[in-house]
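A.B. asks: Sharing a structure below in structure tokens format, with a few things to ask.
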Amino acid sequence: MRWPIAAFAAVLASALVAGFGDGASAQSAPADPVRALKKQMAAHGGVRFSQVAVDTTEDRSDVPSWMTKRKSKITFRSKGAVQFGGGKVTASDVTSRNSLIGSDESVRLVTFTGRSYMSGWPVQPLPAGKEWVLLDDDTTRPEMDSGRIRLADPATLRAVLATTTAKRPAGRYDDTRTTLYEGKITFGELSKAYPGFRLLTDGKPTAKDLRIEVSWRLWIGEDQLVRRAWSSWSEPLLKKIDLYVSSVTDVRLTGWGTAPGVHAPSGDQVVKADGPVPDFTIRTLQQMSEDLGSQNHPASY
């Protein structure tokens with residue numbers, strides 16, 4: 001999903017609500033959701049999703065009082081499916097829109113290990129008869145995320161549930177009653193569960209970064225599978241001007257166990273990218289950051 005926050009592999013970005021009883025009664029979250037996830041991932045089914053993510057950039061630097069600190073907001077909406085097999089995510093098919101490009105423009109990204117196929121804005125125009133761009137990258141992996149929380153990673157799900165502070169009966173999602181778990185987890189705890197954890201800007205977290213907290217909420221069904229995920233956090237985007245991005249993601253998951261049938265497009269509709277395609281989310285946020293920086297920190301002459 002960031003497959004989504006904070007970013008899609010090569011294009012767009014892009015999560016978990018709360019409590020019964022006290023913190024003590026919720027200390028030990030059940031391991032069942034982890035086992036249920038592993039069972040789903042071992043089979044050759046999948047799950048469908050829809051997600052809304054809102055990223056707000058904010059200048060937190062010290063500037064004179066007469067300078068206005070500005071905020072900019074982008075809303076990302078995505079939907080699609082992920083496919084499982086052999087204990088991992090084997091493929092994903094995601095269609096995304098965002099508030100910058102308008103409701104009529106979208107990007108579709110079909111991802112497998114080592115390659116992605118992209119169609120729609122911003123890759124067009126393409127040669128006649130071609131609808132997709134092939135992006136080859138050995139590091140590309142299909143994923144299923146709620147912001148900074150990897151929903152298809154059993155180790156991450158276990159670490160998140162271990163930070164549960166409250167739970168209570170909640171509403172129905174995907175035709176099942178749910179229990180709502182909530183808590184907070186640090187970037188440090190997430191990085192221990194997933195050693196490949198990186199900042200939004202692809203930088204390695206510092207000791208200060210590892211103390212950043214992610215507030216999370218998970219709605220777990222009677223079959224112990226996650227039906228809704230929400231998360232909220234803030235992290236640095238451009239440290240040189242103390243610019244941060246605050247993110248909120250909300251994901252709905254439906255149809256666990258169904259075969260989504262994610263397939264690569266027909267070869268005669270594909271053209272290979274001449275070079276790397278920039279990550280739209282990061283590129284856009286960084287450009288907004290630089291714009292904010294130039295407005296709030298004008299050059300000296």
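The values are calculated or read from the model by the stated rules, or taken from the named source; none is laboratory data. These figures come from a predicted structure and were not determined experimentally. When we count neighbours, we look across all protein chains shown, and the Cβ atoms used for this are built from the backbone with ideal geometry, even at glycine. For the accessible areas, the whole protein counts, side chains as well, though only heavy atoms, and no ligand, DNA or RNA atoms are used. Shrake-Rupley method; radii C 1.70, N 1.55, O 1.52, S 1.80 Å.
A.B. asks: For residues that are among the polar types (S, T, N, Q) and open to solvent by less than 30 Å² (accessible area, probe 1.4 Å), scanning just segment 137-158, find the one that is farthest from W216 (Cα to Cα).
C.D. replies: T140
A.B. asks: For P33, all conditions in the list (1) over 17 Å from the mean Cα position of the chain (by Cα); (2) surrounded by 14 or more Cβ atoms within 10 Å (Cβ to Cβ); (3) at pLDDT below 95 hold save one; what is the number of the exception?
C.D. replies: Among (1) over 17 Å from the mean Cα position of the chain (by Cα); (2) surrounded by 14 or more Cβ atoms within 10 Å (Cβ to Cβ); (3) at pLDDT below 95, P33 violates only (3).
A.B. asks: Continuing with the same structure: Give all pairs with beta carbons closer than 8 Å in which a residue from segment 259-272 that is within 16 Å of L109 (Cβ to Cβ) meets a residue that is open to solvent by 40 Å² or more (accessible area, probe 1.4 Å) and basic (K, R); count only pairs at least 6 apart in sequence or on separate chains.
C.D. replies: Filtered contacts from segment 259-272: P260/R48; Q269/K130; V270/K130; V271/K130.
A.B. asks: Pick from D250, D274: which is among the charged types (D, E, K, R) and surrounded by 14 or more Cβ atoms within 10 Å (Cβ to Cβ)?
C.D. replies: D250
A.B. asks: Would you say D137 is under 30 Å from V270 (Cβ atoms) and over 15 Å from the mean Cα position of the chain (by Cα)?
C.D. replies: yes
A.B. asks: Only one of (1) of a type outside the set (D, E); (2) out of contact with any helix residue (DSSP H, G or I) (no Cβ under 6 Å at 6 or more places or on another chain); (3) in a strand (DSSP E or B) fails for T140. Which number is that?
C.D. replies: All conditions are met except number (3).
A.B. asks: If you don't mind, there's one more thing I want to ask. Which of the strands (runs of 3 or more DSSP E) contained wholly in segment 193-301 include at least 1 residues that are at pLDDT 70 or above, hydroxyl-bearing (S, T, Y) and out of contact with any His (no Cβ under 6 Å at 6 or more places or on another chain)?
C.D. replies: Correct list: 213-221, 226-238, 243-254.
A.B. asks: Among the residues of segment 216-237, which ones are over 24 Å from T176 (Cα atoms), of a type in the set (S, T, N, Q) and touching an Asp or Glu at 6+ places or on another chain (Cβ under 9 Å)?
C.D. replies: S234 - this is the single residue of segment 216-237 that is over 24 Å from T176 (Cα atoms), of a type in the set (S, T, N, Q) and touching an Asp or Glu at 6+ places or on another chain (Cβ under 9 Å).
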